[in-house]
Amino acid sequence: MIRRTLAIALAATAVLALGAGAASASSVHLKGGANAEPSFLDNGLSLAASGELSGLGNGDVLVTLTAQADVTATCTNQGGNQAPGQNPAPLTVIGSQAIPASEIKNGTTPFSVVTVAPDRTIAGAPDCPNPNWTETIEDLAFSSAVITVEQPAGTTVLTVTCAINPATNDGSVPRANVSCTSS
């Protein structure tokens, strides 16, 4: 009788342990092997990153893309005359994608996250001859990106840090220009 009770208790513990393991993320990574990297697309004022995550548990996922960009802007005076080619300080743009647990299949899900474009008008026109001018962002050239994966939100399970060299120039970013590390 004691052996049977012990066997039932051990079996129940094993089932609970297996169930708990399936619900939590273990070794989250980009699908595609050791050299897997996300794909990037420069949309002018925003950056998109896509790929496929693997090793996920069964909870909701939050993917955040943070990108650093060099800015090209134009200064326009009140008479409509422009002074093109202004290069304000680099800026950072961020975007996120929430992926519900129902979209995760066998620990895997695709992602496609886009940064939010900045306000095109730079307040106070700091890079123009004076504050009466209007400074307008014309383009962003992205030089780095960080993809953070959380499962659940608030618990980071993967960080992918990418350098883009040379910086982007609108359109698809060649894979040869991207170098990423994961942690």
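Since every read-out is calculated from the coordinates, none of them should be taken as a lab result. The model shown is predicted, which means the values in this text are computed figures rather than measured ones. For neighbour counting, all protein chains shown are included, and Cβ atoms are generated from backbone atoms with ideal geometry for every residue, glycine included.
Below is a table of values for the structure above.
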item: Relative packing of peptides 72-80, 43-51 - highest average C-beta neighbours within 10 Å first; result: 43-51, 72-80
item: Under 10 Å, Cβ to Cβ, from residue 141 - net charge with Lys/Arg +1 and Asp/Glu -1; result: -4
item: Relative contact order, percent, segment 26-182 [alpha-carbon distance under 8 Å, six or more residues apart]; result: 29 percent
item: Inter-label distance for residue 120 and residue 182, nm, one decimal - labels placed 7 Å from Cα along Cα-to-Cβ; result: 3.8 nm
item: Packing-based order for 86-99, 150-163, using average beta carbon neighbours within 10 Å, highest first; result: 150-163, 86-99
